[in-house]
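Scroll down for the structure; my scribbles are underneath it.
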Amino acid sequence: MFSHLILGLRTAGLPTSITEHLALMAAMQAGVADYSVEDFYYLARATLVKDERHLDKFDRVFAHCFKGLEPPAGVKVEDLPVEWLKQMAEKLMTPDEIAKLESLGGFDAIMERLKQLLAEQKERHEGGSKWIGTAGTSPFGAHGYNPEGVRIGQDKSRNRTAVKVWDRRDFRDLDDTVELGTRGMKVALRRLRRFARQGAATELDLPDTIKSTANNAGSLDIKMVPERHNTVKVLLFLDVGGSMDDYVKLTEELFSAARSEFKHLEYYYFHNFPYERVWKNNRRRHEETIPTWQVLRTYGPDYKLIIVGDAAMSPYEVTMPGGSVEHWNEEAGSVWLERLSGHYRRSAWLNPTPKKSWGQVRSITMVNDLMEGRMFPLTVNGIDDMTRELSR
Amino acid sequence: MAGFKSTEKYIASRDLEVAVNAAVTLQRPLLVKGEPGTGKTVLAHEVAGALGMNLIEWHVKSTTKAQQGLYEYDAVSRLRDGQLGDERVHDIANYIVPGKLWEAFEADKPVLVLIDEVDKADIEFPNDLLLELDKMQFFVYETRKTIAARHRPVVIITSNNEKELPDAFLRRCFFHYIRFPDRETMEKIVQAHYPDIRKDLAREAMNVFFQIREVPGLKKKPATSELLDWLKLLMVEDLPVEALRSNEKQVVIPPLHGALLKNEQDVHLFERLAFLARRGS
């Protein structure tokens with residue numbers, strides 16, 4: 001039962017397991033979600049989803065799997081097929097009555113009477129498997145759970161609220177594969193911190209305590225070790241100019257917010273591709289450049305290098321000497337990138353453009369190859385993967 | 001089955017009710033997440049009240065270890081007693097200090113355990129509690145005794161999302177994300193807390209409150225608990241409604257904003273907005 005929901009969730013990338021499936025079954029058996037679709041939705045959500053990032057995906061998969069449950073938005077009696085109404089008329093009214101009505105006003109009169117009947121029944125009829133009433137199992141009427149149910153003009157439906165709940169997709173901005181927003185920033189920060197925090201806080205130095213207690217002839221002498229300090233050093237290379245400016249601002253904010261977590265955080269800017277010169281001050285970029293060699297000499301291999309850029313450019317800028325759009329570069333960009341990623345033990349490239357489109361731009365593929373696949377999208381997920389990669 | 005429903009004081013949405021009832025029925029922990037101030041901790045109090053259970057609270061800090069919830073072996077006292085020649089020293093059981101979970105397991109009738117802000121602790125903390133929460137039992141190494149729960153307690157765990165919780169831990173829980181209430185629910189919540197608040201005051205305050213939440217760039221958006229605090233202040237001060245009223249053109253810093261804005265950058269932002277609005281008009 002419901003295995004297609006579980007499979008659908010797994011296909012959508014939710015880490016749903018058999019344990020959760022069984023829990024859902026057990027809860028259903030215990031009657032937690034009696035016979036209400038809405039409750040079932042809530043129950044399934046509480047059981048199968050364990051992180052608000054996945055809520056949106058869950059809503060989508062749920063909507064897809066239980067598409068049949070959706071009552072179509074307000075079918076009016078008037079819109080119902082004539083043949084069906086005719087059949088209905090035969091079931092609901094005695095032949096005598098039909099004959100009488102026919103003599104009075106023909107087919108239209110019958111239909112009128114039927115509408116009345118339908119309207120009346122809507123009020124009174126509850127349960128049962130007959131024609132229209134509510135809460136029944138018949139294919140027509142409201143509040144029923146027949147998958148092919150047609151709802152007859154009713155303004156409020158118990159089911160619809162539920163459908164709306166998952167169709168509203170309230171949790172969209174909690175999905176972590178979308179680009180960084182304000183909330184995304186916060187989560188991303190935590191990820192960065194996690195990668196920055198190494199070792200625990202103040203601790204009792206047990207071996208030393210035992211040793212000095214023994215030296216003290218058995219009277220207790222507690223030794224503490226000082227708090228371990230953060231050792232993560234980050235070197236940030238940021239692409240500036242043109243379309244990248246917004247992203248650069250975002251990245252800068254992100255990293256400076258996490259700054260207290262790093263021992264060192266150094267920024268350098270470049271345009272399109274890091275060549276032999278980078279700069280620290282954007283306004284004076286033409287006067288005050290710093291040779292990349294100097295950066296390599298100043299910051300040792302223990303720095304973690306993060307390059308932020310969209311890597312979208314002409315392939316010549318990567319492969320050819322003199323390919324730069326701004327100046328004559330003696331050595332090709334790829335040489336410089338290999339030099340950088342060779343010097344720093346851990347390096348990664350953050351790309352703010354959506355990952356989907358990377359394959360379409362030749363230079364992105366080239367840069368990704370140069371980085372040996374360590375290019376990550378600027379999303380919470382991407383930053384997560386990056387920190388994992390960098391702290392391995 | 002004793003169900004959990006919205007109470008007079010606590011307005012629970014239907015999805016929360018279902019999640020709580022599922023957790024209670026299947027006797028599995030319920031993990032509750034949500035923006036700070038949306039009533040995660042209060043939920044445990046309310047559920048305990050609704051089910052008529054005693055509440056045992058375990059507030060987790062960054063230094064909390066999973067072991068502390070089970071028991072602690074007070075080696076320092078024992079060492080001291082040993083040096084002073086106390087008789088108690090011969091029985092190690094004298095130095096086992098039961099923790100919150102032990103207390104819950106030993107209780108005569110089912111209790112509700114609240115593990116508050118589980119994400120504050122070390123990243124391994126939830127992993128260390130896997131078996132204990134699953135089987136509701138643990139082994140005391142020092143005395144070679146197994147402590148098993150007489151009645152499986154209801155466990156509610158809250159998290160502020162500061163750390164990712166391990167998958168194995170999540171698999172054993174039900175999960176609920178408390179969303180920020182919409183205006184309608186918020187009105188109900190206010191009504192539940194302050195039934196005798198002036199209607200116009202509540203309405204204006206709510207306007208201001210939702211306006212503030214809309215302001216882009218706030219570091220900490222005020223949440224339910226802030227609104228309730230603020231309303232209380234407003235009621236105590238008995239401010240006229242006009243003081244709250246602001247129109248589209250004019251942004252004013254709300255009176256007693258200290259209850260809503262908890263961050264000097266946010267207050268600055270507001271002052272700037274008010275200044276710009278004055279200059280613009």
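General observations
- Counting Lys and Arg as +1 and Asp and Glu as -1 over every other residue whose Cβ lies under 14 Å from the Cβ of B:F125, the net charge comes to -4.
- Computed helical MRE - 222 nm, chain B, DSSP H runs ≥ 4 contributing -39500 (n - 2.57), nearest 500: -12500 deg cm²/dmol
- Each peptide among B:87-93, A:270-276, A:58-64 gets the average number of other Cβ atoms lying within 10 Å of its residues, and from highest to lowest they stand as A:270-276, A:58-64, B:87-93.
- The long axis of helix B:75-84 is offset from the longest Cα principal axis of chain B by roughly 50 degrees.
- Crossing angle, helix B:199-214 versus chain B [Cα axis fit, 0-90 degrees, rounded to tens]: 80 degrees
- Highest average packing first - B:15-27, B:187-199, Cβ atoms within 10 Å: B:15-27, B:187-199
- Cα-based helix-to-principal-axis angle, B:14-26 vs chain B, degrees rounded to 10: 0 degrees
- Overall form of region A:314-392 per C-alpha gyration tensor (a/c, 1.5; a/b vs b/c): oblate
- Derived scalar couplings between HN and Hα for region B:85-101 equal x, 6, 5, 4, 4, 6, 9, 5, 4, 5, 10, 8, 9, x, x, 5, 5 Hz in order, rounded to whole Hz, by the Karplus curve 6.51 cos²θ - 1.76 cosθ + 1.60 (θ = phi - 60°), x for Gly and Pro.
- Taking θ as phi - 60° and the Karplus parameters 6.51, -1.76 and 1.60, the scalar couplings of region B:165-182 work out to 8, x, 4, 4, 5, 4, 4, 8, 10, 8, 10, 9, 9, 6, 7, 5, x, 7 Hz in sequence order, x denoting glycine and proline.
- Remark: C-alpha extents of region A:3-66 on the principal axes read 29, 22, 21 Å, sorted largest to smallest.
- Once backbone amide H atoms are built at 1.01 Å from N, A:I307 has A:F237, A:A348, A:W349, A:L350 as its partners under 5 Å, excluding neighbours fewer than 5 places away on the same chain.
- Neighbourhood charge, 10 Å Cβ-Cβ cut-off, centred on A:T213 and excluding it, Lys, Arg +1 and Asp, Glu -1: 0
- The mean sequence separation of alpha-carbon pairs under 8 Å and at least six residues apart, normalised by the residue count of chain B, gives a relative contact order of 22 percent.
- Phi-based couplings in Hz for region B:36-53 (Karplus 6.51, -1.76, 1.60; Gly and Pro marked x): x, x, 9, x, 6, 6, 4, 3, 4, 4, 5, 5, 4, x, 5, 8, x, 10
- Loop chymotrypsin sites (Phe, Trp or Tyr not before Pro), region B:92-159 (other Cβ atoms within 10 Å of the site Cβ: 13 or fewer; DSSP): B:Y141
- Within 10 Å of the Cβ of each residue in A:326-336, the mean number of Cβ atoms contributed by other protein chains is 0.
- About its Cα centre, region A:3-66 has a charge dipole of approximately 260 debye under the convention of +1 per Lys or Arg Cβ and -1 per Asp or Glu Cβ, with nothing else charged.
- Separation of region A:323-392 and region B:1-47, taken as the distance between their Cα centroids, equals 46 angstrom.
- Taking a ≥ b ≥ c as the square roots of the eigenvalues of the Cα gyration tensor, region B:75-125 is classed as oblate, since a/c reaches at least 1.5 and a/b does not exceed b/c.
- Neighbour-count ranking [beta-carbon atoms within 10 angstrom, fewest first] of B:R14, B:R183: B:R183, B:R14
- Shape of chain B, Cα gyration tensor, a/c cut at 1.5: prolate
- Where N is the number of residues in region B:114-261, Cα Rg divided by 2.2 N^0.38 Å: 1.50
- Counting every other Cβ atom within 10 Å of each residue's Cβ, A:T47, A:T387 order from fewest to most as A:T387, A:T47.
- Around A:N329: net Lys/Arg minus Asp/Glu count, Cβ-Cβ under 14 Å: -3
- Selection of chymotrypsin sites (Phe, Trp or Tyr not before Pro), region A:316-392, meeting DSSP coil and at most 15 other Cβ within 10 Å: A:W328
- Of the trypsin sites (Lys or Arg not before Pro) in region A:269-326, the ones in a loop by DSSP (not H, G, I, E or B) with at most 16 other beta carbons within 10 Å are A:K280, A:R283, A:R284.
Every number here is computed from the coordinates shown, using simple stated rules; none is lab data. Only a predicted model underlies this, so the values are computations on that prediction, with no experimental measurement involved. Don't worry about glycine lacking a Cβ; one is built from the backbone with ideal geometry, like all the others, and counts go over all protein chains shown.
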